[in-house]
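FYI, it's all coordinate maths here, none of it is from the lab. It should be emphasised that the depicted structure is a prediction, and the values quoted were computed from it without experimental measurement. Virtual Cβ from ideal backbone geometry, glycine too; neighbours counted across all protein chains shown.
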Amino acid sequence: MEKTFLMIKPDGVQRGLIGKLVQRFEDKGFQLVGSKLMVITKEQAETHYAEHKEKPFFGELVQFITSGPVFAMVWQGDNVIALSRAMMGKTNPLDAAPGTIRGDYAVHTGNNIIHGSDSPESAEREIANFFKPEELLAYDRALQSWI
Ligand code: DAT
Ligand code: MG
């Protein structure tokens, strides 16, 4: 089944949103297969955001994402990559619809609460950057056939 990497950024952790955000993905029907509270290294951050390394905001982005604990997660489910991106809302909170995470909780692009992989290739690369294979669990859920 499809997996994605989701990360509650330092602003979301500081604002006490871990529980509420995990609840949204559980309510949707996705399965949590790995998670940890961690402070990411500069190297991990630069790898994670490598596609943006030429952008003017890259330095600020790396500084922000390493500035405090993040809550890193791997979620599983059919179409979890596209569906979780839809749940997150647009990158700029000005464009994020109410009801989405960024639409409900964020004001500025820099502090937009959550990261989510945007393709299967990114998901695979991002999961490998933050988790060892043994940190991801495979387990059956009795509810699965109802989702
Ligand atoms: P997303 O996080 O929706 O995948 P992205 O990959 O385009 O968005 O950018 C990664 C992060 O970089 C984004 O969540 C916030 C920051 N960012 C993007 N565009 C920015 C900008 N114009 N100014 C400042 N930060 C920006
Ligand atoms: Mg992105």
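Tabulated data
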{"read-out": "Total charge dipole magnitude, the chain, about the Cα centre, Cβ charges on Lys, Arg, Asp, Glu only, Debye to nearest 20", "value": "360 debye"}
{"read-out": "Alpha-carbon centroids, region 45-115 and region 121-147: separation in whole Å", "value": "19 Å"}
{"read-out": "Selection of chymotrypsin sites (Phe, Trp or Tyr not before Pro), region 1-58, meeting DSSP coil and at most 14 other Cβ within 10 Å", "value": "57"}
{"read-out": "Computed over region 13-147: relative contact order in percent, which uses C-alpha pairs under 8 Å that are six or more apart", "value": "24 percent"}
{"read-out": "Positive-end extreme of charge dipole, region 2-135 - chosen from 13, 80, 133 (charges on Cβ)", "value": "13"}
{"read-out": "Length added when fully stretched, residue 37-residue 14, from 0.36 nm per residue minus Cα-Cα", "value": "7.1 nm"}
{"read-out": "³J(HN,Hα), Karplus 6.51/-1.76/1.60, whole Hz, each residue of region 88-102, x for Gly, Pro", "value": "6, x, 5, 4, 8, x, 5, 9, 7, 5, x, x, 7, 4, 5"}
{"read-out": "Along principal axes, Cα extents of the chain, largest first, whole Å", "value": "46, 35, 26"}
{"read-out": "0 to 90° range, to nearest 10: angle between helix 120-130 axis and the chain longest Cα axis", "value": "80 degrees"}
{"read-out": "Per-residue Cβ neighbour rank within 10 angstrom, fewest leading, 75, 146", "value": "146, 75"}
{"read-out": "Most fluctuating residue given options 89, 59, 103, as computed from a GNM of the chain linking Cα atoms under 10 Å", "value": "59"}
{"read-out": "Of 42/132; 53/90; 28/132; 9/55, those spanning more than 24 Å from alpha-carbon to alpha-carbon", "value": "28/132"}
{"read-out": "Beta bridge orientation in the chain: antiparallel %, DSSP, nearest 5", "value": "95 percent"}
